[in-house]
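Some notes on the structure that comes next.
The values are calculated or read from the model by the stated rules, or taken from the named source; none is laboratory data. The structure displayed is predicted, hence computed values, not measured ones. Here the Cβ positions follow ideal geometry from the backbone for every residue, glycine too, while neighbour counts run over all protein chains shown.
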Amino acid sequence: MKDDRHSPFRDAGTDRSTARGVPDTPQTRSPSYRLAFADDDFLCREELRPVRLQLELLKPELMQDEAGIRTTVVLFGGARIPAPEHRDRAHTQTLGELSHFYEEARRFAQMMTERGDGSENVIATGGGPGVMEAGNRGAHEAGGKSIGLNIVLPHEQAPNEYVTPDLCFNFHYFAIRKMHFLMRAEAICVFPGGFGTLDETFEALTLIQTGRMRRVPFLLFGRAFWEKIINWQALAEAGTISAQDLELFRFVETAEEALEEIDNWPLDESPRDRIPGRD
């Protein structure tokens, strides 16, 4: 990262390089002698969790600021949903049938990116395969940049090839990753998915419902899928949510419908600083 601030003090990077060339002695070989900020073992200690949380919040924030990213359009969706040309490889018939949502995500991201200027409404995904790949792919095909917020998983997972390299981030903490999804979000589009997609969806809806985040266009692709797995009306009828909460999101089927909903979404007059991380 470029730092244009001028300081009379010797910078940390210089001292880190200098420390690598100190004489080899029992004292300099001791872990206690390592610079604290250059000591991986020290930074990974249990007691340093608050510092690691802060670092994961700061690094993507600073780098997106430096890249001029002002607002994003977030795409959530299943990692297992194949591209239509690969639907025959799907593990289940249903996954194959859901492959058209890969295409809708790709088309939507492409059209949204073509509207933008590289700083507003930048596509942001989890950076993985499936619907995430489709979103990054659509932005790439439109000649734009896109964000990938990846996370370390027990099984190896490389980011998809369409994420803009300088906007591809890796996380340890799910909570901080989810904050970054929403900190710049001007719209949230959710495609069929599994536990991760449901987790992200309901956290965002909860923040909006409770006034912790201003209302933004919130679109669920595939009414049949969502109404099959979640009985939304039953929640309202039971009183566990209000009937008005069902108006926080809308169902769409195609990229064109999604753009129309975004363009006609009612303005929210609630303060901007209620967005997570912007207070």
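Listed by position, the helices (runs of 4 or more DSSP H) inside the stretch 1-71 whose residues that are under 33 Å from the mean Cα position of the chain (by Cα) number at least 1 are 12-19, 40-43, 49-66.
Of all residues in the stretch 75-103, those that are without any contact (Cβ under 8 Å) to a residue 24 or more places away in the chain and of a type in the set (S, T, N, Q) have Cβ atoms under 7 Å from Cβ atoms of residues that are outside any helix (DSSP H, G or I) and surrounded by 20 or more Cβ atoms within 10 Å (Cβ to Cβ), 6 or more apart or on another chain, in 99/81; 99/82.
Do we have residue 122 as under 14 Å from the mean Cα position of the chain (by Cα), free of Cβ contacts under 8 Å to residues at least 40 places away in the same chain and surrounded by 20 or more Cβ atoms within 10 Å (Cβ to Cβ) here? No, not satisfied. Every listed requirement among (1) over 15 Å from residue 74 (Cβ atoms); (2) assigned to a helix (DSSP H, G or I); (3) over 16 Å from the mean Cα position of the chain (by Cα) is met by residue 175 save one, (3). Note on the stretch 243-255: residues that are among the acidic types (Asp, Glu) and either closer than 17 Å to residue 214 by Cβ or without any contact (Cβ under 8 Å) to a residue 12 or more places away in the chain (or both) amount to 2. Take the residues of the stretch 205-234 that are over 21 Å from the mean Cα position of the chain (by Cα) and of a type in the set (A, V, I, L, M): which is surrounded by the most Cβ atoms within 10 Å (Cβ to Cβ)? Selected residue: 230. Remark: pairs (first residue in the stretch 6-18, acidic (Asp, Glu) and surrounded by 10 or more Cβ atoms within 10 Å (Cβ to Cβ); second residue modelled with pLDDT of 90 or more and outside any loop (DSSP other than H, G, I, E, B); Cβ separation under 9 Å; 6+ apart in sequence or on different chains) = 15/38. Of the listed requirements (1) aliphatic (A, V, I, L, M); (2) surrounded by fewer than 18 Cβ atoms within 10 Å (Cβ to Cβ); (3) in a loop (DSSP other than H, G, I, E, B); (4) in contact (Cβ under 8 Å) with a residue 12 or more places away in the chain, residue 163 misses just one: (2). Among the candidates 197, 210, the residue that is of a type in the set (Ser, Thr, Tyr), over 17 Å from residue 72 (Cα atoms) and out of contact with any Phe, Trp or Tyr (no Cβ under 7 Å at 6 or more places or on another chain) is uniquely 210.
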